[in-house]
Amino acid sequence: MIKNNCLSLLMLFFLILSTNVYSSEPKICFYIDENFQGESLCTTEGNAVDILSGKWNDSISSIEIPHGMVVSVFKDDNFSGKTFTFKESVESLLLMHWTNLNDEISSFKVRSAACFYELDKFYGNSFCLSGNENIDLYADGQKHHIVNPFNDRINSIKIPKDTQATVYTDDGYGGKYFVLMSDFLADELEQLEMNKDITSIKVSQQEFFICDQFCVVKGLLSIPLGRSFGTYWLDDRIKYKNALISFSFSDQDFYSIEIFGDKFIKVVGGIVFFIHKNHPKNSFAFELNGNSDTLSFLFRFHKKYFEIQFIESIGASSVYISPLIGSLFEFGRVDFNLKVKKISNNAPIIINKIVLTAEKNITRTERSFTEKAACWLIPIISLYNYVVQGECNQVDRFIKNVHDFFASNDDKILQISGSAKPYPKIHTNDVLGLTAHYENFSLQAEGTLTHITTDVIGGALTMPATTLACYISTKGESVSHVHQPRDLTPGCVDWTLDILTDFTLLFGDDLTQWNADNFGRVIEHIMREGNTGNTFENNEVEKRLIENVQTYLAENDARFIHMKTAFDFSQLSYADYLQQSKPETETETETETETKPESESESESEPEPEPEPEPEPEPRSPLLAQELPLGRYELVLQNFQFTETVPRIRSGGEWVEQPELHFEIDVISGLTSETLTARQNILPVIDQWRRTYYQAQSRPPAAPQTTTSTAEEHQPVTVKPTDKPPSTYIATDEATIEASSSASGTSLPWHATDDTSIEAARLVSDVAQSWIRSSRDEYVYVVVRLAGQVISITMAIDINELDVGIAGSLTNPDYVLHPDSEGVIRGAGTAAIRALADHLSKKGKRSLISDVISKPSAIVKKKVGFKFINEL
């Protein structure tokens with residue numbers, strides 16, 4: 001047999017003894033006589049004979065072995081009996097009497113080897129190296145009697161399966177080097193600038209090979225993460241298993257990283273795609289910086305949840321750190337692999353380094369509150385310094401001693417695989433680009449998008465609502481990975497989430513049913529009558545809702561109030577989503593451009609992106625919104641620097657800054673008894689706004705247009721002139737509208753905004769009215785006025801001693817229903833967040849957190865389809 005081929009012995013010997021296709025390939029030769037005399041039997045690397053037949057059985061007396069090749073010989077058939085492995089030629093087995101193998105060899109195996117050729121396509125003179133063999137072509141050429149020196153003359157390389165060749169440009173195994181794991185021709189070596197430039201070589205053989213540094217991927221590379229972590233993969237003492245894969249980056253890259261069968265990353269030129277095959281709407285894309293030279297992916301695995309983020313860098317300086325994208329995975333498989341696949345025929349993909357680390361499952365604060373603010377925004381910070389040399393120094397945490405790692409109760413990080421070392425600490429007061437980038441967000445009062453959770457399928461509204469209602473900040477972990485509540489009744493998360501989710505499953509396809517009034521009515525009906533008062537086809541969901549309400553809410557007023565609060569948070573999340581998903585108008589685009597940091601602004605010279613496919617209609621009902629991914633923004637409050645927000649007022653069709661005007665801002669927080677007067681003063685304003693929003697009607701559809709819209713413009717809804725307008729519209733022309741009136745006799749003009757803004761404002765006004773009337777100590781309100789007029793009210797909740805969550809914001813209807821009218825004011829939302837951040841920073845708070853729902857299939861720049869502040 002030769003390499004598992006089922007051949008007859010006759011065919012086997014024919015193949016071994018016949019002229020090889022690569023006639024100059026080195027061969028191991030077995031001789032009947034000593035000193036390489038007599039008849040010979042020769043074979044190339046990787047071949048094996050389990051039974052030597054005829055005159056060759058028990059007849060071998062000497063073996064000629066080229067440098068770098070290895071053979072194992074056996075006394076008996078089928079590779080059994082006494083065995084010896086030889087790396088050098090044996091002139092006389094008789095003289096090696098201790099082996100007792102002279103004329104006693106019945107089978108042999110020639111170890112597979114990487115072979116190196118003087119000419120392209122595996123032709124010309126060659127030599128081979130088996131696993132754990134090496135050669136310095138400059139220093140060892142004469143020593144090993146290589147007839148034709150190969151130094152700087154290698155044109156092609158043949159590498160068998162499970163074999164790795166590390167090739168160096170300099171002697172002594174120095175200079176630039178690459179690890180090769182498949183065959184290479186001359187043009188492919190030229191792409192690496194290694195053709196005719198190889199001077200020293202090391203070869204290894206590993207079945208489950210974990211790449212270390214400068215590995216070249218030509219086709220498919222399987223990275224055996226589970227096996228590389230070994231027993232630590234399923235060790236309960238380990239909380240996080242971390243992996244870093246760092247690539248050289250160019251705008252010609254085209255490859256993928258398969259994480260699981262349904263989730264993978266694709267790098268196409270200057271774009272990174274995170275693709276969720278089973279839920280395409282939960283996929284994202286990021287545009288990369290063309291100046292970056294390194295693209296690093298960081299993976300973190302914890303129980304049944306994994307998270308990914310990437311870092312763009314130039315040298316040791318970071319350009320951009322992506323949000324952490326989290327998803328579920330099948331935990332428990334030791335054979336879990338990451339698969340890197342090169343897709344195009346462009347230059348090979350270079351993996352600069354792979355590092356595996358582990359962190360213990362110890363009880364401690366995830367991050368020290370005294371830690372530098374910018375470092376908070378790097379979720380997988382344990383791998384950060386392998387890529388970036390910055391102010392978030394982790395160097396002192398890394399150890400390689402397993403005993404020391406488990407013996408101590410500290411936050412040390414065990415480096416399991418990889419010879420790469422973290423960058424050393426910096427000792428300078430200079431602010432690096434990354435820190436400056438993040439601190440700029442603080443100055444702009446824009447939160448940083450730190451997490452995206454793709455597998456909250458059926459919980460995008462209810463999960464963040466649950467965490468806020470149960471006073472869980474989820475700092476340092478994704479929303480869908482929360483299990484244990486910290487500050488409320490044990491199990492709060494479980495039953496709160498179940499009740500909210502099941503109610504949404506039953507009533508979430510219709511806003512006339514998915515509202516606070518019906519929520520309270522259904523809960524009360526269950527507690528009083530034992531049923532929902534409705535008939536559903538999905539009896540299992542209804543039964544589960546009834547059971548949970550009866551178990552956890554019956555005869556418990558505090559929990560009933562808690563559930564209504566949790567539903568309030570769901571409504572606020574949905575209202576925010578409606579605002580995010582409404583068609584973007586010229587006004588909104590202009591506003592966003594003016595308010596975003598300079599670093600986020602578009603360059604006029606930037607080329608237009610290729611047109612994307614027509615997007616699918618966005619989910620509108622709460623039930624469908626539940627299926628979308630979540631994003632979390634964090635605004636770090638440590639060292640927050642307050643800057644005043646200049647009001648912008650619409651004048652002459654443009655937004656004009658009014659520096660002579662100043663927003664007046666009140667932050668209402670504290671015990672309910674202390675805030676009563678302030679809340680009573682603002683309640684009439686909320687009541688009036690709520691009435692206005694409920695009376696408002698959106699603009700009727702436009703008549704057919706004579707001009708054609710461009711591809712980028714929002715396509716208007718058209719109505720034939722003869723059609724009767726829908727009942728929700730009160731008029732079809734401006735004259736009629738201006739003359740129309742409401743039932744109360746008040747003029748009720750039509751409004752230049754879409755129905756999503758009105759729906760969102762109604763939901764928020766319901767919650768705001770309820771909160772102001774029956775507030776709690778944890779609620780915080782920020783009231784923004786201009787010239788005595790209330791412009792906006794922002795609501796937040798004090799989650800714990802360190803974190804505050806943003807709940808929602810309500811704006812004066814005059815500036816929402818007529819967004820393009822003269823005198824409309826902008827900037828109040830930003831002013832509120834800045835004032836709130838300044839107020840909380842002085843109280844020693846850690847961060848402002850906001851969980852928001854993404855637009856589906858977001859294909860955008862850095863913001864990934866999320867927004868932190870809604871001005872409208």
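Could you give the length gained on full extension between residue 271 and residue 421, defined as 0.36 nm per residue of separation minus the Cα-Cα distance, in nm?
Values: separation 150, 0.36 × 150 = 54.00 nm, distance 2.84 nm.
Using 0.36 nm per residue and subtracting the Cα-Cα distance, I get 51.2 nm.
Of the listed pairs 266/342; 263/360; 241/400, which have alpha-carbon separations greater than 20 Å here?
Values: 266/342 10 Å; 263/360 27 Å; 241/400 15 Å.
Correct reply: 263/360.
Got a sec? How would 463, 96 order by Cβ neighbour count within 10 Å, fewest to most?
Fewest-to-most ranking of 463, 96: 96, 463.
Limiting things to C-alpha atoms, what are the Rg and the maximum Cα-Cα separation (Dmax) for the range 53-178, in angstroms?
17.0, 51
How many nm is it between the label spots at residue 406 and residue 671, if each spot is 7 Å from the Cα in line with the beta carbon?
5.2
Two-decimal Rg/Rh of the range 113-205 from alpha-carbon positions, Kirkwood Rh?
We get a ratio of 0.91 for the range 113-205.
In nm, what is the difference between 0.36 nm times the number of residues separating residue 521 and residue 774 and their Cα-Cα distance?
Extra length from residue 521 to residue 774 when fully extended: 89.2 nm.
Using label points projected 7 Å from each Cα along Cα→Cβ, tell me how many nm separate residue 547 and residue 334, to one decimal.
3.7
Residue separation times 0.36 nm, minus the C-alpha to C-alpha distance between residue 289 and residue 207: what's the value?
Net length gain for the segment: 25.8 nm.
Which whole-angstrom value gives the distance between the alpha carbon centres of the range 202-267 and the range 802-859?
If we compute the Cα centre of each part, the gap is 41 Å.
Among 286-294, 301-309, how do they line up from the highest to the lowest mean number of other beta-carbon atoms within 10 Å? Each step should come with its number before you reach the end.
Working: 286-294: 16.1, 301-309: 19.7.
With the highest mean Cβ count within 10 Å placed first, the list reads 301-309, 286-294.
Residues in the range 652-694 near a label at residue 822, defined as backbone nitrogen under 13 Å from the 7 Å Cα→Cβ point?
652-654
Could I get the Rg over Rh figure for the range 284-336? Both from C-alpha atoms, Rh via Kirkwood, rounded to two places.
On the way: Rg = 13.7 Å, Rh = 12.6 Å.
In the range 284-336, Rg relative to Rh is 1.09.
With only Lys, Arg, Asp and Glu charged, each at its Cβ (+1 for the first two, -1 for the last two), find how big the charge dipole of the range 113-205 is about the Cα centre; round to the nearest 20 debye.
With only Lys, Arg, Asp and Glu charged at Cβ, the dipole is about 240 debye.
Take residue 554 and residue 222, extend 7 Å from each Cα along the Cα→Cβ direction, and tell me the distance between the two endpoints in nm.
Roughly 5.5 nm, to one decimal.
Find, among the trypsin sites (Lys or Arg not before Pro) in the range 201-300, those assigned to loop by DSSP (not H, G, I, E, B) with at most 16 other beta-carbon atoms within 10 angstrom. Provide the component values of the computation, followed by the final result.
Numbers: sites: 202, 218, 227, 237, 239, 241, 263, 266, 277, 281, 300; in loops: 218, 237, 277.
Filter output for the range 201-300: 218, 237, 277.
Are there chymotrypsin sites (Phe, Trp or Tyr not before Pro) in the range 84-128 that DSSP puts in a loop and that have at most 15 other Cβ atoms within 10 Å, and which ones?
Answer in residue order: no site qualifies.
Would you mind checking the pairs 161/421; 161/202; 176/421; 87/202 and listing those with alpha carbons more than 23 angstrom apart?
Values: 161/421 29 Å; 161/202 16 Å; 176/421 18 Å; 87/202 15 Å.
Result: 161/421 exceed 23 Å.
Rule-based calculations on the coordinates, nothing more; no lab input. None of the values given here were measured: they were computed from a predicted structure. Glycine also receives a Cβ, built like all others from the backbone with ideal geometry; neighbour counts cover every protein chain displayed.
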